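In what follows, a single structure is set out as structure tokens and then discussed.
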Amino acid sequence: MKREKIFQAFNWRISDIIDNLRKIASQGFTIIQVSPLQGTKQWIGPWWIYYQPTNFRIGNFLGNENDLRELCEKANEYGIRIIVDVVFNHVANAGDGLNSFIPHENVDPSIRNNPNFFHERRGIENYNDRWQVTHWGINLPDLNTSNEELQFIMIRYLHDLLGCGVKGFRFDAAKHIELPDDFDGSNFWPMILSGLKGRDLFVYGEVIMADKETVDRYTKYINVGTDGYGSDKNKLILWSFSHDEDLTFNKLSNLTRDMTINEWSNLLQDNKESHVLFYPRQFDDTWTDNRIREINEKY
């Protein structure tokens, strides 16, 4: 297995990624992960706005289709693959409270007005209840990912990204999308992944705050980005620090440059069978430190 060292260009505009391609490559990263490029309910806003999509088309404040094509072409010159974060579990909501589970007015009408595209409008109450985790919302309108008409819309979006030169995907909130052996026998993962076979792609899903058994169930179908550990180390994507720890839980306020570098070194040294992801904090250039390059070269 070739270990991938992923640079998470979290909420970077595509133009800024292009400007930093040479440096990212020289630091020893093999993949750049681009934040979601789907339409959003407002043009610019807080970090989470890109994780509340309104459609399955390329284009938001971070960049458009032409930008993505240029990025993929130039990244290829440096031997770097581009993967894109996609959000298929839910769409943007209309607001807080009861409106959390109502689609925002900017959600594509062909999606918003189709009741078959949504699960029940209620939030998860018990995260140990698998039905709730996969069929109720995370304070957002939960999509009925078992619906084949909706699946085809999603597959078309993936192929639009592939047409720009993208070499893989990260599926956001994958833990909340049901597996074939869950309840109603959803074919979401087999259907979505079937269209990606025969291509040299790097594809993984986010399965965080989950037990080992759950992680193992997902690795039967897909690589897994996890804050825990699974049995098949070759299919795991691990990290030292995450954007959730930084921006949602504010756990990284005292993180120093040396701490970041030491943790990255420990991660690569202790998990040689797994892929790794580096999250560069906003306004923090630790990723450019020569020690990061040395660590990437060593491990």
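Helical runs assigned H by DSSP (4 residues or longer) give the chain a calculated mean residue ellipticity at 222 nm of -8500 deg cm²/dmol, each run adding -39500 (n - 2.57) before division by the residue total. Counted by neighbouring Cβ atoms within 10 Å, the residues Val84, Val224 run from fewest to most as Val84, Val224.
Arranged by the count of other C-beta atoms within 10 angstrom, fewest first, what order do Lys2, Lys74 take?
Values: Lys2 6, Lys74 16.
Final ranking by Cβ density, sparse to dense: Lys2, Lys74.
A crude spin-label estimate for the pair Phe183 and Lys272, with each label 7 Å from Cα along the Cβ direction, gives 4.3 nm. Spin-label pair Arg293-Lys197: with each label point 7 Å from Cα along the Cα-Cβ axis, the two points sit 4.3 nm from one another.
So what is the diffusion coefficient of the chain in µm² per second by Stokes-Einstein at 20 °C and 1.002 mPa s, using a Kirkwood Rh over Cα pairs? Intermediate results must be reported in sequence, preceding the final value.
Details: Rh = 19.7 Å.
Answer from the Stokes-Einstein relation: 109 µm²/s.
Work out the length of the dipole vector of region 5-298 about its Cα centre, built from +1 on the beta-carbon of each Lys and Arg and -1 on the beta-carbon of each Asp and Glu, and round it to the nearest 20 debye.
Values: 31 positive and 42 negative charges, 128 e Å.
Around 620 debye, computed over region 5-298.
What number comes out for the charge environment of Thr134, summing +1 per Lys or Arg and -1 per Asp or Glu over other residues with Cβ under 9 Å away? Around Thr134, the surrounding residues sum to -1. Computed from the Cβ-Cβ distance with R0 of 45 Å, the FRET efficiency linking Trp131 to Asn254 stands at 0.70. Overall, the anisotropy analysis places region 181-223 in the oblate class: the square-rooted eigenvalues a ≥ b ≥ c of its C-alpha gyration tensor yield a/c not less than 1.5, with a/b not exceeding b/c.
Multiplying the residue separation of Asp227 and Asn262 by 0.36 nm and subtracting their alpha-carbon distance yields 10.8 nm.
Expressed as cubic angstrom per residue, what is the convex hull volume of the alpha carbon set of region 8-117?
Working: hull volume 11.6 nm³, N = 110.
So the per-residue hull volume is 105 Å³.
Between Arg22 and Glu148, the modelled labels are 5.2 nm apart [label points 7 Å from Cα along Cα→Cβ].
If we count other beta carbons within 10 Å of each Cβ, what is the order of Cys72, Cys164, fewest first? Walk me through the intermediate numbers first.
Working: Cys72 23, Cys164 20.
Listed from fewest to most nearby Cβ atoms, that is Cys164, Cys72.
Every read-out reported here was derived from the displayed coordinates using simple, explicitly stated rules and does not represent laboratory data. All values derive from a computational prediction rather than experimental measurement. So basically every Cβ, Gly included, is an ideal-geometry build from the backbone, and we count neighbours across all protein chains shown.
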